[in-house]
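Below: the structure, in structure tokens.
The values are calculated or read from the model by the stated rules, or taken from the named source; none is laboratory data. Bear in mind the structure is a predicted one, so any value in this text is a computation, not a measurement. No Cβ is skipped: glycine too gets one built from the backbone with ideal geometry, and neighbour counts run over all protein chains shown. Side chains included, ligands, DNA and RNA excluded: accessible areas come from the protein's heavy atoms. Shrake-Rupley method; radii C 1.70, N 1.55, O 1.52, S 1.80 Å.
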Amino acid sequence: PSAVLVLLCGSAAAAVVAWKWLSKRQIEKKMEEARRTRDEGVKKMAKIVQQFREQIPSVQTDAILSLPLVELTGRLQEGSLSPRTVLYAYLEKALEVTQQTNCLRHFIPECEEQLQEIEGQKEKGLLYGIPVSIKDHISHKGHLSTCGLVQCLGTPAQDDSVLVKVLKKQGAIPFAMTNVPQSLFNYDCSNPIFGKTLNPFNHQKSPGGSSGGEGALIAGGGSILGIGSDIGGSIRLPSSFCGLCGLKPTAQRLRGVNQCLMHPFLNVDICCHPTPVPGALGPMARDVDSLALCMKALLCQEMFQLDPTVPPIPFNEEVYSSSAPLRVGYYDTDGYFPLPPCMRRAVQETRMALQAAGHELVPFPPPRIHYVMNELFLKSFFADGGRAWLDVFTGDVVDPSLKPQVNSCKIPRLGKKLLALILKPLQFLLLLRFKNVATISICRSVKEMWNHHHQIEVYRTEFITRWRELQLDAVLCPVLGPAFTTGYPGKLLTAISSTMLYNVLNFPAGVVPVSTVTEADEEDLKLYQGCCDDPWDHTLKQAVAGAVGLPVAVQCVALPWQEELCLRLMKEVETLSHEK
């Protein structure tokens, strides 16, 4: 009997090993097939571009690529440039940029069909002939929305998302889908299927995330306008890291994802899943006027009819074009995660430039950021201890950049309680910065969840009350940057407090590049001690080191539904930084 038992146990163990090996091999085959399909698409597009080059060798692509969006649309509208020439110029450049940075997840071959369709139209939309790139998870008919996950590889979208339909109605040509971090919940840009995306200015650096593919493609010159999404900084961080302008609108101002993904957690980042901290779709481009034109094009009757949940509020050109002096609140640190010296310098220099231009600047320290970050933001997504998020990795390979967060969530509940108990006495000494995914208190009942939602509304009311008391039009504040070395974002989830705040508040917020990292900034970084000179501060210092010449940006914020006012301040900042 003992021999039989040993034999049975051995057979069972062998069966488990064999099953695990087969499962892993099946996952690898799916990933290999996805990569092969992507690579074949790139080769086909390269061949099509080469054929166009042979047919019209005289095309001056550099001249086309150098045109700002507003000027390019004017040339297309008047007919001095053709949509075909512009599309192939950007396809050729996108091929070059993705070869260097791995920013594309997939070309959209149907862009040629859209090109033929708009060429036959009598009415020209506001984005007539403009090639547009879109983030991986924004549905385009016949294409996958992968989120960098194997479980999402099998089901192409059955229809275009509302956003894509409106873009096409306005004459735009969606031509590429860009790479994202696995599960979208990271501000690096890497997944095990399509690999790591690099910053076009420095390949040792990250382009940011989760709209990192968009950031790299636009910054590299391979797209003139892109659509990303943002639930903790996913538009603003790539814009900061890559030197772009990016706008996170009020969440409900732009919707348009009409096909929810396979897992509820993934829908949090695309405004499809109910959450007290909503995600937002928004534009990314090289200048502020491009963002304004995109918003004007999208906020049209077609959008309001296709998605009746979008408030029918057209773009207010009068507010955006106004030259009246603004009353602007400002701060250069939120007190939670002090940013590198160059980012604080950017706010201080921009404040002085705005004052010199006739605007009124008022100190405005944001209230209770430790509470917002630890209790409101993180708890919104990890109220169940991270179980819903871990579920998306079932039958998948976890990307190395996500392993710190995944491992924290995998700590058993008892272990998390013990860890929280051990760290609790230290939290006051270290200004509560030991709080992370492993130690977040969970919502143990529906009542606790409702109370959590209520606390977010209470904080929003408190913040707006303080804003109103100071009679502010907008706020100038820092954004995380400069670009991190790849791999570091996964170690510093809580460093995003500068952008996260305005997701909790659901305020429109945008990023504008105003400077670059100097040698003096690099010297100042050596003296940086952060908040407490603790391991988090040391890690941040390592993450941003070696960034001389990389973009430095600031963040501009307005009250809900006042995207035009936010863009107005962004335009003023952009103009002043160019003059400087």
Which lysines have a Cα lying under 20 Å from the Cα of Lys571, excluding residues fewer than 8 positions away in the same chain?
Lys248, Lys296, Lys580
Under the 0.36 nm per residue contour assumption, what length would be gained going from the current alpha-carbon distance of Glu71 and Leu153 to full extension?
25.6 nm
A chain fully extended from Asp384 to Lys403 at 0.36 nm per residue, minus the present Cα-Cα distance, gains in nm 5.0 nm
Tell me, what HN-Hα J-couplings in whole Hz come from the Karplus equation 6.51 cos²θ - 1.76 cosθ + 1.60 at θ = phi - 60° for each residue of the range 64-74, using x for Gly and Pro?
5, 5, 7, 6, x, 4, 4, 5, 5, 4, x
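Counting Lys and Arg as +1 and Asp and Glu as -1, what is the net charge of the other residues whose Cβ lies under 11 Å from the Cβ of Leu354?
So the environment of Leu354 carries a net charge of -1.
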Surface share of carbon and sulfur [accessible, 1.4 angstrom probe, percent] for the range 38-310
48
Rounded to the nearest 0.05, FRET efficiency between Lys447 and Thr309 (Cβ-Cβ, R0 35 Å) equals 0.80
Nearby aspartates and glutamates by direct alpha-carbon distance to Lys447 (threshold 15 angstrom, same-chain neighbours under 8 apart not counted):
Asp384
Can you give me the C-alpha center-to-center distance between the range 443-520 and the range 34-103, rounded to a whole angstrom?
36
³J(HN,Hα) across the range 325-334 via Karplus (A = 6.51, B = -1.76, C = 1.60, θ = phi - 60°), whole Hz, x for Gly/Pro?
x, 10, 9, 10, x, 8, 7, 10, 7, 8
If one computes the Cα centroid of the range 236-253 and of the range 529-580, what distance in Å separates the two points?
11
Sequence-distant or interchain residues sharing an amide H contact under 5 Å with Leu104, placed H: which?
Asn179
Amide H contacts of Ser234 (H built 1.01 Å from N, under 5 Å, at least 5 apart or other chain)
Ser210
Express as a percent, rounded to the nearest 5, the fraction of DSSP beta bridges in the chain (both residues included) that run antiparallel.
65
What is the distance, in nm, between label points placed 7 Å from the Cα along the Cα-to-Cβ direction at His538 and at Ser82?
6.2
Residue-wise HN-Hα coupling along the range 297-305, computed from phi with Karplus coefficients 6.51, -1.76, 1.60 (Hz; x: Gly, Pro):
5, 6, 7, 10, 4, 4, 5, 5, 7
Put a dot 7 Å past each Cα toward the Cβ at Glu113 and Glu462; how far apart are the dots in nm?
5.3
What is the sum of charges around Pro109, taking Lys and Arg as +1, Asp and Glu as -1, for the other residues whose C-beta is under 13 Å from the C-beta of Pro109?
+1
Using r as the Cβ-Cβ distance of Ala520 and Glu96, and R0 as 45 Å, what FRET efficiency do you calculate, to the nearest 0.05?
0.85
What is the percent carbon and sulfur in the accessible area of the range 436-562, measuring with a 1.4 Å probe over the protein chains and ignoring ligands?
53
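Provide the FRET efficiency to the nearest 0.05 for the Glu33-Ala356 pair, computing r from the beta carbons and using R0 = 41 Å.
So the FRET efficiency works out to roughly 0.10.
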Excluding ligands, DNA and RNA, what is the solvent-accessible area per residue of the chain at a probe of 1.4 Å, expressed in Å²?
40
For the range 287-316 and the range 161-228, distance of Cα centres in Å:
21
For Asp533, the accessible surface traced by a 1.4 Å probe with all protein chains present amounts, in square angstrom to the nearest 10, to 70
What are the residues whose amide H is under 5 Å from the amide H of Val514, where those residues sit 5 or more places off or on another chain and H is modelled from the backbone?
Val552, Ala553, Val554
